[in-house]
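To start, the structure under review is shown below, and the notes come after it.
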Amino acid sequence: MDHSPSRHGQWSSRLAFILAATGSAVGLGNIWKFPYITGENGGSAFVLVYLLCVAALGVPLMMAEVMLGRYGKQTPINTMRMLAKKAQAGQGWQFLGWAGTLAGFLILTYYSVIGGWTLGYVFYAVSGRFSGLSGEGASGLFGNFVGSPLVQVGWHTVFMLMTMWIISRGVRRGLEKAVTTLMPALVVLLLIMVGYAMTTGFFLKGVAFLFTPDFSHFSETSMLTAMGHAFFTLSLGMGAIMMYGAYVPETTSIGTTSLVIAIVDTVVALLAGLAIFPIVFAHGLEPGAGPSLIFETLPVAFGDIAGGTLLGTLFFVLLMIAAWTSSISLVEPAVTMLIERFNVTRLQASAWVGLTAWLLGFATAFSFNVWSEVTVLGMTFFDHLDFLTSNLMLPLGGVGIAMFAGWCMTTESTRTALGLHQGPWYSLWLFLIRFVAPVAVSIVLLHAVGAF
Ligand code: TRP
């Protein structure tokens, strides 16, 4: 095996990789998306399916992606091409790399708009706009905020520039620096919010909503959404983790690191749920409010507690940073692809990718105001983009990657790469990757098709 580092760089340590991958995984998906889709899909049953998907599909697939990335040490496209050739499998496998790169790029176009929301809310928090805010007041504030196309495009522009700035600086100077101290701070802030939620008198109702199995609001599309979100929240199915895997030193244990990343990611999402739903119930807000959910609930809490201006500011700054460390992983494959194909500099590649993603992002920015009535099948442009990427492209890409790792690579090579020499773990991994992933994803997709 080739032991030299990737031409695009290498993480300085195992911890740096864990932090970067956790930084990619923990993002808007955990704190913004998880609570609102849980609310829309009726709570506990959705949470249960999501947890099952993280354990049975997410962890083994993350191991597969890191492993393929470390073998290939290039962009997902070139990694797949090279490994397919080596395994004497068809060249069609490289399509996975292309589809993944496209999926990441498409997600970035809307991720940047929501990232912009966190920036806007930092300003609201600093300027004391939350103090004494009622549930209704918070909804009004958010309504005005997303209602202005100019404001939306403005913050989207700032967020996109921030992302491209880090990306243009490369692996060590850019990505790694951004994540090392900020993740722990976010968890502390979330714990404070959970503490506040305990004082609302509705904490147990929030807990029950999240954890008492109730399948009455659960539909076939809920199942698909839960599965899609398991991929989204762990950054799987598009090659982001494969790309980060390319920078992983040979000595790192893939199994343990994948497990750590998945656990941290899940805990952060559950903490966000525990912080948000008690506030929702205490203020008579709607759990199924959709993408506005955290922006309509948390400001009420900050407006109510001592030091709320400071804590609110801190919270949205940290959320913005969580979004930032995720957005960079969405475009890293596209940017390195341009570098490898066209021999351009990192700066040029970042500029091109950023510019096109920025322009396409307008469609999402307008989905919440001037184009909010422009719907197909009752869904806005943003809804369709989210559905296509999270619920279709990521699970399908993930299964492709699983099939390649499970069926095309030799078992000797995967066993060695994963470092699972003893015990039943390797057989379990192989079983999940070879059989469970393709079967589960097919069943859920077919069910959802049947539901339409
Ligand atoms: N996981 C991130 C979140 O939860 C989003 C994200 C970053 C992502 N990179 C990704 C999703 C790659 C899918 C694929 O916010």
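Points worth noting:
- Hey, L394 within 15 Å of the chain's Cα centre (by Cα) and closer than 19 Å to P149 by Cβ or not: no
- Among the residues of the stretch 316-337, the ones that are in contact with a Ser or Thr (Cβ under 6 Å, 6 or more places away or on another chain) and among the aromatic types (F, W, Y) come to 1 in all.
- A357 being at pLDDT 95 or above and either within 25 Å of the chain's Cα centre (by Cα) or surrounded by fewer than 24 Cβ atoms within 10 Å (Cβ to Cβ) (or both): yes
- Failed condition for G303, given (1) within 13 Å of the ligand (Cβ to nearest atom); (2) at pLDDT below 95; (3) touching a Gly at 6+ places or on another chain (Cβ under 7 Å): (1)
- Index of the failed condition, G423 passing every other in (1) in a loop (DSSP other than H, G, I, E, B); (2) crowded, with 20+ Cβ neighbours inside 10 Å; (3) not aliphatic (A, V, I, L, M): (2)
- Restricted to the stretch 97-125, and to residues there that are of a type in the set (S, T, Y) and under 29 Å from G137 (Cα atoms), the residue that is farthest from the ligand (Cβ to nearest atom) is Y124.
- Counted as qualifying within the stretch 1-84 are the helices (runs of 4 or more DSSP H) with 2 or more residues that are under 14 Å from the mean Cα position of the chain (by Cα), within 16 Å of the ligand (Cβ to nearest atom) and under 26 Å from M183 (Cβ atoms), namely 14-25, 34-40.
- Per the conditions (1) in a loop (DSSP other than H, G, I, E, B); (2) surrounded by 19 or more Cβ atoms within 10 Å (Cβ to Cβ); (3) modelled with pLDDT under 85, the sole criterion not satisfied by G237 is (3).
- All positions within the stretch 14-45 that are among the aromatic types (F, W, Y) and at pLDDT below 95: F17
- In the stretch 360-380, the residues that are outside any loop (DSSP other than H, G, I, E, B) and surrounded by 20 or more Cβ atoms within 10 Å (Cβ to Cβ): G361, T364, A365, S367
- Being of a type in the set (D, E, K, R), in contact (Cβ under 8 Å) with a residue 60 or more places away in the chain, touching a helix residue (DSSP H, G or I) at 6+ places or on another chain (Cβ under 8 Å) and within 14 Å of the ligand (Cβ to nearest atom) is true of E332.
- Residue, farthest from the ligand (Cβ to nearest atom), within the stretch 219-234, restricted to residues that are of a type in the set (G, A, S) and surrounded by fewer than 24 Cβ atoms within 10 Å (Cβ to Cβ): S219
The values are calculated or read from the model by the stated rules, or taken from the named source; none is laboratory data. Quick caveat: nothing in here was measured; it's all calculated off a predicted structure. So basically every Cβ, Gly included, is an ideal-geometry build from the backbone, and we count neighbours across all protein chains shown.
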